[in-house]
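A.B. asks: A single structure is presented below for examination.
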Amino acid sequence: MKVLEMNSSPLNSTALRCDGCGQLASPEHIARRLQRLEWTTRFRPVHIGTLLLGATAPQNDNEFIYSPADAWYGEAKMLLDAAGLTLEGKSAEATLAEFQRRGFLLTHVLECPLEGGKGGRIAELIANRLPAVLTRIRRSLKPKRLAPISKWLEQFLPALTYRELPCGMLLDREKPFALDGDAASEAAGRLRDACATQGAHATGP
């Protein structure tokens, strides 16, 4: 009886939070995160040229760029276009290998999709996770430049400047490239142009 009470207590629930997003984590949640980490690790560049930083991982695997899908949609498709990759006649593995060779890596502040009903808490979850993400970027990823790709990161741009991170910034007219905004296609086009000029719009070292 005591064991059941402990398992249902709020204190114990804190220990079950996912360290990749801060949400309460079921076994299925953890398994899905580990699967996506495995997919991503296969195509992480040794030297990261451009780190694409999203706010929260997409729900559908077909929108997650490192998914071994036969077709990509949404965020994944826009990022491949921004990298200047043509998909016709290529396998998923060949496409992702080229994305890797060009020095791109995608990560999200919240590495897991939002669970049901958590949409209203996204800013809070990002704020809680951001210090750990910044530490990872500084100590492990060490990109040459960072491109925020979510409208949700606009309020956090001061923490992403070169004063906090030892890399340049790619911005869309002083804002993130809002691939999750109302004008996602236009933002993706501007991201493609910025990437094509190899960071001509970057600021910082």
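The values are calculated or read from the model by the stated rules, or taken from the named source; none is laboratory data. If you're wondering where the values come from, they're calculated on a predicted model, not measured in any experiment. Here the Cβ positions follow ideal geometry from the backbone for every residue, glycine too, while neighbour counts run over all protein chains shown. Side chains included, ligands, DNA and RNA excluded: accessible areas come from the protein's heavy atoms. Shrake-Rupley method; radii C 1.70, N 1.55, O 1.52, S 1.80 Å.
A.B. asks: Would you be able to tell me the number of residues in region 36-72 that are without any contact (Cβ under 8 Å) to a residue 24 or more places away in the chain and surrounded by fewer than 13 Cβ atoms within 10 Å (Cβ to Cβ)?
C.D. replies: 5
A.B. asks: Name the pairs: first residue in region 108-137 and on the phi < 0 side of the Ramachandran plot, second residue in a helix (DSSP H, G or I) and of a type in the set (S, T, N, Q), Cβ to Cβ under 8 Å, at least 6 apart or on different chains?
C.D. replies: Every condition considered, the pairs that remain are Ala123/Gln155.
A.B. asks: Something else about it: Restricting to region 84-107, and then to whatever is hydrophobic (A, V, I, L, M, F, W, C) and under 17 Å from the mean Cα position of the chain (by Cα), can you tell me which residue is nearest to Phe64 (Cα to Cα)?
C.D. replies: Keep residues of region 84-107 that are hydrophobic (A, V, I, L, M, F, W, C), which gives 85, 87, 92, 94, 96-97, 99, 104-106.
Add one more test, that the residue is under 17 Å from the mean Cα position of the chain (by Cα), and what stays is 96, 99, 104-106.
Values: Leu96: 12, Phe99: 14, Phe104: 14, Leu105: 12, Leu106: 9 Å.
The residue in question is Leu106.
A.B. asks: Within region 156-165, can one find any residue that is open to solvent by less than 30 Å² (accessible area, probe 1.4 Å), under 15 Å from Leu51 (Cα atoms) and at pLDDT 95 or above?
C.D. replies: The answer is no; no qualifying residue exists.
A.B. asks: Name every residue in region 108-153 that is among the charged types (D, E, K, R), in contact with a Pro (Cβ under 8 Å, 6 or more places away or on another chain) and either modelled with pLDDT under 95 or over 20 Å from Glu75 (Cβ atoms) (or both), in order of residue number. Don't jump to the end; show me each part of the working.
C.D. replies: Residues of region 108-153 that are among the charged types (D, E, K, R), as a first pass: 111, 115, 118, 121, 124, 129, 136, 138-139, 142, 144-145, 151.
Okay, now just the ones that are also in contact with a Pro (Cβ under 8 Å, 6 or more places away or on another chain), so 138, 142, 151.
Matches in region 108-153: Arg138, Lys142.
A.B. asks: Considering only region 116-153, state which residues are crowded, with 16+ Cβ neighbours inside 10 Å and among the charged types (D, E, K, R).
C.D. replies: Within region 116-153, Lys118, Arg129, Lys144, Arg145, Lys151 qualify.
A.B. asks: Check Leu79 against each of (1) part of a loop (DSSP other than H, G, I, E, B); (2) out of contact with any Ser or Thr (no Cβ under 8 Å at 6 or more places or on another chain); (3) open to solvent by less than 50 Å² (accessible area, probe 1.4 Å); (4) modelled with pLDDT of 90 or more and name the one condition it does not meet.
C.D. replies: (1)
A.B. asks: Cβ-Cβ under 9 Å, sequence separation 6+ or interchain: first residue in region 142-160 and within 22 Å of Arg192 (Cα to Cα) and touching a residue at least 40 places away in the same chain (Cβ under 8 Å), partner of a type in the set (D, E, K, R) and part of a helix (DSSP H, G or I). Which pairs?
C.D. replies: Pairs found: Pro148/Glu154; Ile149/Glu75.
A.B. asks: Looking at (1) more than 17 Å from Gly54 (Cα to Cα); (2) at pLDDT 90 or above, which one does Leu170 not meet, given that it meets all the others?
C.D. replies: (1)
A.B. asks: Only one of Ser150, Ser140 is of a type in the set (S, T, N, Q) and over 12 Å from the mean Cα position of the chain (by Cα); which? Full working, then the answer.
C.D. replies: Values: Ser150 fails: over 12 Å from the mean Cα position of the chain (by Cα).
Answer to the check: Ser140.
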